[in-house]
Protein chains: 2
Amino acid sequence: MRIALAQINSIIGDFEGNLANMLRAVEQARVGGADLICFPELAVCGYPPQDFLEFPDFIRRCQASVDALCTVSADIAIVVGAPVLNPVVEGKDLFNAALFLAEGAVRHVHHKALLPTYDIFDEYRYFEPASSFGVVEWRGVRIALTVCEDIWNVGNENPLYTICPLDEMMPLSPDLIINLSASPFSWDQARARKEVLRANTRRYGLPMFYVNQVGAQTELIFDGGSLVMTPDGQVYEELPYFETSLRIFDLAPVSACSRGQGEQQADRIALIHDALVLGLRDYFGKLGLRQAILGLSGGIDSAVTAALAAAALGSESVTGLLLPSRYSSDHSVADARRLAENLGIRHHILPIEPGYRALLDMVEPFFENRPFDVTEENIQARIRGLSLMAFSNKLGLILLNTTNKSEMAVGYGTLYGDLCGGLSVIGDVYKTEVYELAAYINRNREIIPANTIRKPPSAELRPDQKDSDSLPEYAELDAVLQGYIEERLGPRELIARGHEEALVRRVLRLVNTNEFKRHQTAPVLRVSPKAFGMGRRIPIVARYLG
Amino acid sequence: MRIALAQINSIIGDFEGNLANMLRAVEQARVGGADLICFPELAVCGYPPQDFLEFPDFIRRCQASVDALCTVSADIAIVVGAPVLNPVVEGKDLFNAALFLAEGAVRHVHHKALLPTYDIFDEYRYFEPASSFGVVEWRGVRIALTVCEDIWNVGNENPLYTICPLDEMMPLSPDLIINLSASPFSWDQARARKEVLRANTRRYGLPMFYVNQVGAQTELIFDGGSLVMTPDGQVYEELPYFETSLRIFDLAPVSACSRGQGEQQADRIALIHDALVLGLRDYFGKLGLRQAILGLSGGIDSAVTAALAAAALGSESVTGLLLPSRYSSDHSVADARRLAENLGIRHHILPIEPGYRALLDMVEPFFENRPFDVTEENIQARIRGLSLMAFSNKLGLILLNTTNKSEMAVGYGTLYGDLCGGLSVIGDVYKTEVYELAAYINRNREIIPANTIRKPPSAELRPDQKDSDSLPEYAELDAVLQGYIEERLGPRELIARGHEEALVRRVLRLVNTNEFKRHQTAPVLRVSPKAFGMGRRIPIVARYLG
């Protein structure tokens, strides 16, 4: 038996495109002599389709894709993920299914039993869990089908669930396990995934063929890294991260615990870098967009964002706009220009003084000589946002947001100003990690100017301003933020870790009272286990730690 | 037995404030001779607490409030909603519980069994459903406790669920049913609620005491309307909508199917009006804000929004800013000024020409004489947004967004321009309904000028522009939008309703391709069964009907 894993990149709702991709892969697998080809979870429509699942028209189109795949399954079996209707009135209307197609028909259907409903997952919103389990036999081999989370409760040790689907299937004596996944990237996910597969293969003494979606879907990035694992828990082969791939495997050596190519090496910062590049590339590619613009301040956030954009889209597709104000230092323009030259991206210099002056003159008569405050700072940031959006509108460029996770957390940014943009590229990267990314980007030669990395961070919205005037040092700030956001620690636990009480209370208050800003910002590319966005839902109107 | 219903307005996470409210209510009920007082679902922390439920610190504080309530339960029983820890390792960490406190201790705990996970509800994200059921006896009366959705599967007729909690309790022969709810308003909800209560009381032949949360929680508005219903399905009494209330009832006449005051009358547009007023008032009040500002264009959307704001906050707390451009007609300023005078609100006139001119001069050199297009229109809208935000920052005024649901749906609005604002007041009100609201606001005297109602809608961003130049007439547009958004109809079904195919495809494409704008707009006060916001989750990157 030869099994193909097709690590494809579906576009949500692009039924024609997704089907064409799958038909090409089926043909390639057939030519390669495969008996069976596996596609990811919900591959016909892309994952996550969210509330499109509530539209009967959308489900009909999923069914039509399954029908079309059936017609090419005469001499090769196809395992594909699709939503299917629940014929029983009671319970949710849909199942999240793995369909086994062969000889022109649906031969077996497995319904996903474990429906993740936490962080970025909402599956219980749409799907009914499986109530029965089977295996399917194909060319003399008995196969246990599972969908993503189904294998994440090994021996019922995951406290979230009360059933272990593979335990239910084992009495039927399968010869191998197939898992169709759409498992989003975070920097530790590939390691966690291998641990779970290892626990499964060892528990059951069976080989596992695991196929994951690749590609970005708005804020979620799917890294691929599909796996073949031997019954003794060794990685036989791992498909590449962050690109589509199709590979065909003989079952026999895998079942026999032979050694294959093994797993690939992965450095945390390199993974984050590559994930962000894919996130950018797919956001543009899947929306049919080509050109990006961003403001270059001479600081490290915009420099890293520009480098990522140039890597994703090509330097010819990125425009940097330098928007100096009366408070900008000389090095701001010099550093930004040098960055643009290093990257080979187009750049323009647009001093904002005329717009700033005009707006001040417009509004000041109403303000009765009140002193300079955040109003004037914000006007500068908003004139910049407005200028960037004018370029965006007139020239068809998509504005990239350059805010990092630390700033996003504490609300250090101007709504409708530097928080503008269609996509937040580094909004899930803490400031201290932005420096690590910069070092990684500069690993072969200077791309981000040394002075950009060396100088103290500043918004330059008033004379001699530094971030550290109003924020704790980033090393400590990030530690508190990480504890609160990723680990959900309260004030008591954070203070017990050695952080000063006043600082803890101030940081938590900043995070909670700035929820309104995050509500109105661009989608954030997710690279951590807890990103701002669909996976973190906090009320705006609240008085908790506020 | 005398039973008090305490329709309170909790603030999410305000443990001290919520507890103080409840202690006052307990004292009032005790003085009124009540044997028992009922508070809404999750009253200790407010509903919906969302991901705060994942913080152990938050759950500890909920427990502390329950402990404090226990201490005052010596001679009056207290039924209160709170999250409680699940002592079993398997399953979610929490239950959504109704706690029965009496004689200083927790006497009985009911876990919610039906966990809504659709639209704005995410309860399966946090809670484990009940696995056993009981009743509690107090002063000789046997009580069946339920939480909100628990009563929404009468006789297992709701296809979403496979269990009917009250069916499980009936063998224990309760004498009455208590339901603690946090059931958000939409314009048809009070009717639906009474139908469900009626079906329950008739099925079991028992009286029902139903207490609902009141008050707005960011986008969700809870209307109160707590109910006492007789065993024959008559409304014995209905507590007021949109305000806090505490009433004490003798059980005997209710059980005996006597007639009480009955239900209140409710007109759809009046309900929407009052809901929006409460939504505004609580957004400000709960965040400690006092003053609002909005742009007045002379059009109907900003006029209705201003009238709602004046009703909610008082006319002395609302500032209207008139921001005419070179394309504004004379009647724009005249109509807006007349509105401000009718409402008695402060207003200022700030022509935007100097800022518009300065920005054009800044960016045009880069645009190589390209013709006037949406860029210049957006610059105007953004200069307005920037000016309003300057007033907001300098004077501490919160900017109200004035976009209606029809515009929000098709993306007829400028991001960072007229889509600015801390709260979207009428973003769940279709344009055709905005006219109905205007008529309701004018029911006693002219508040919204007749000319504002009469003239054709226009954004006035270029000479002689009208909405109908680029959009279908609102009556037809709203019908298509309602079918797509509320009813989830596809193109086929909408065309079958008699809408022209080209128009249907164009409107659906506009809705789907403008998801990116809605992602960045303010929270929308929800008054319909399907509002833009937390209850409608659509991918930005997708090609479905796009």
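The values are calculated or read from the model by the stated rules, or taken from the named source; none is laboratory data. These figures come from a predicted structure and were not determined experimentally. Cβ placement follows ideal geometry from the backbone for every residue including glycine, while neighbour counts extend to all protein chains displayed. Please note that ligands, DNA and RNA were not included when accessible areas were found on the heavy atoms of the full protein model with its side chains. Shrake-Rupley method; radii C 1.70, N 1.55, O 1.52, S 1.80 Å.
Side notes on the structure shown:
- Any strands (runs of 3 or more DSSP E) falling wholly within segment B:222-311 and containing at least 1 residues that are among the β-branched types (Val, Ile, Thr) and under 19 Å from the mean Cα position of the chain (by Cα): none
- Filter pass, A:Leu296 being of a type in the set (A, V, I, L, M, F, W, C) and over 14 Å from A:Ile448 (Cα atoms): no
- Every residue from segment A:141-180 that is farther than 20 Å from A:Val254 by Cβ and of a type in the set (Val, Ile, Thr): A:Val147, A:Thr162, A:Ile163
- Of residues in segment B:461-501 being open to solvent by 80 Å² or more (accessible area, probe 1.4 Å) and assigned to a helix (DSSP H, G or I), the one farthest from B:Gly413 (Cα to Cα): B:Ala496
- Within segment B:234-291, considering residues that are of a type in the set (A, V, I, L, M, F, W, C) and within 14 Å of another protein chain (Cβ to nearest Cβ), the one surrounded by the fewest Cβ atoms within 10 Å (Cβ to Cβ): B:Leu289
- Any chance A:Ala531 is among the hydrophobic types (A, V, I, L, M, F, W, C), more than 22 Å from B:Ile398 (Cβ to Cβ) and touching a residue at least 24 places away in the same chain (Cβ under 8 Å): yes
- Residue that is least open to solvent (accessible area, probe 1.4 Å) [pool: residues in segment A:443-453 that are assigned to a loop (DSSP other than H, G, I, E, B) and farther than 16 Å from A:Ala309 by Cα]: A:Pro449
- Residues of segment A:107-134 satisfying the condition of being assigned to a loop (DSSP other than H, G, I, E, B) and open to solvent by 30 Å² or more (accessible area, probe 1.4 Å): A:Tyr118, A:Glu128, A:Pro129, A:Ser131, A:Ser132, A:Phe133
- Residue check, A:Arg445 within 12 Å of chain B (Cβ to nearest Cβ) and either without any contact (Cβ under 8 Å) to a residue 12 or more places away in the chain or within 26 Å of A:Gly279 (Cα to Cα) (or both): no
- The strands (runs of 3 or more DSSP E) falling completely within segment A:316-410 that include 3 or more residues that are closer than 26 Å to A:Leu280 by Cα and in contact (Cβ under 8 Å) with a residue 60 or more places away in the chain map to A:397-401.
- Candidates are the residues of segment A:343-362 that are open to solvent by less than 40 Å² (accessible area, probe 1.4 Å) and more than 11 Å from chain B (Cβ to nearest Cβ); the one that is farthest from A:Ser387 (Cα to Cα) is A:Leu343.
- Count of segment A:512-546 residues which are open to solvent by less than 30 Å² (accessible area, probe 1.4 Å), among the polar types (S, T, N, Q) and more than 7 Å from chain B (Cβ to nearest Cβ): 3
- Considered as a group, the residues in segment B:423-442 that are in a loop (DSSP other than H, G, I, E, B) and surrounded by 24 or more Cβ atoms within 10 Å (Cβ to Cβ) include one that is nearest to the other protein chains (Cβ to nearest Cβ), and that residue is B:Gly427.
- Of the residues making up segment B:159-176, those that are of a type outside the set (D, E, K, R), without any contact (Cβ under 8 Å) to a residue 40 or more places away in the chain and within 19 Å of B:Pro116 (Cβ to Cβ) are B:Pro159, B:Thr162, B:Cys164, B:Leu166.
- Looking across segment B:145-196, just one residue is surrounded by 21 or more Cβ atoms within 10 Å (Cβ to Cβ), part of a helix (DSSP H, G or I) and small (Gly, Ala, Ser), and that is B:Ala190.
- Failed item in (1) surrounded by 15 or more Cβ atoms within 10 Å (Cβ to Cβ); (2) in contact with a helix residue (DSSP H, G or I) (Cβ under 7 Å, 6 or more places away or on another chain); (3) assigned to a loop (DSSP other than H, G, I, E, B), with A:Pro456 passing the rest: (1)
- If only residues of segment B:93-102 that are surrounded by 22 or more Cβ atoms within 10 Å (Cβ to Cβ) and out of contact with any Gly (no Cβ under 9 Å at 6 or more places or on another chain) are counted, the one that is nearest to the other protein chains (Cβ to nearest Cβ) is B:Phe95.
- Test result for B:Phe127, within 14 Å of chain A (Cβ to nearest Cβ) and either small (Gly, Ala, Ser) or closer than 25 Å to A:Phe127 by Cβ (or both): yes
- The residues on offer are B:Val79, B:Val89, B:Val84, and the sole one that is modelled with pLDDT under 95 and either of a type in the set (Val, Ile, Thr) or open to solvent by 30 Å² or more (accessible area, probe 1.4 Å) (or both) is B:Val89.
- Test: residue in segment A:314-325 that is closer than 23 Å to A:Ser406 by Cα, touching an Asp or Glu at 6+ places or on another chain (Cβ under 7 Å) and open to solvent by less than 20 Å² (accessible area, probe 1.4 Å): no
- Residues within segment A:326-342 that are closer than 26 Å to A:Ser392 by Cβ and either modelled with pLDDT of 95 or more or open to solvent by 60 Å² or more (accessible area, probe 1.4 Å) (or both), tallied: 11
- Pairs are defined by a Cβ separation below 7 Å, a sequence spacing of at least 6 or placement on different chains, a first member in segment B:501-514 that is among the basic types (Lys, Arg), and a second member that is outside any helix (DSSP H, G or I); the pairs so defined are B:Arg509/B:Leu545; B:Arg509/B:Gly546.
- Of everything in segment A:394-407 that is out of contact with any strand residue (DSSP E or B) (no Cβ under 7 Å at 6 or more places or on another chain) and open to solvent by less than 10 Å² (accessible area, probe 1.4 Å), the residue that is nearest to the other protein chains (Cβ to nearest Cβ) is A:Lys405.
- Qualifying residues in segment B:130-156 (those that are within 29 Å of A:Pro116 (Cβ to Cβ) and without any contact (Cβ under 8 Å) to a residue 24 or more places away in the chain) - the one farthest from the other protein chains (Cβ to nearest Cβ): B:Ser132
- Taken over segment A:10-59, the criterion of being surrounded by fewer than 23 Cβ atoms within 10 Å (Cβ to Cβ), within 14 Å of chain B (Cβ to nearest Cβ) and closer than 30 Å to A:Ser255 by Cβ is satisfied by A:Asn21 alone.
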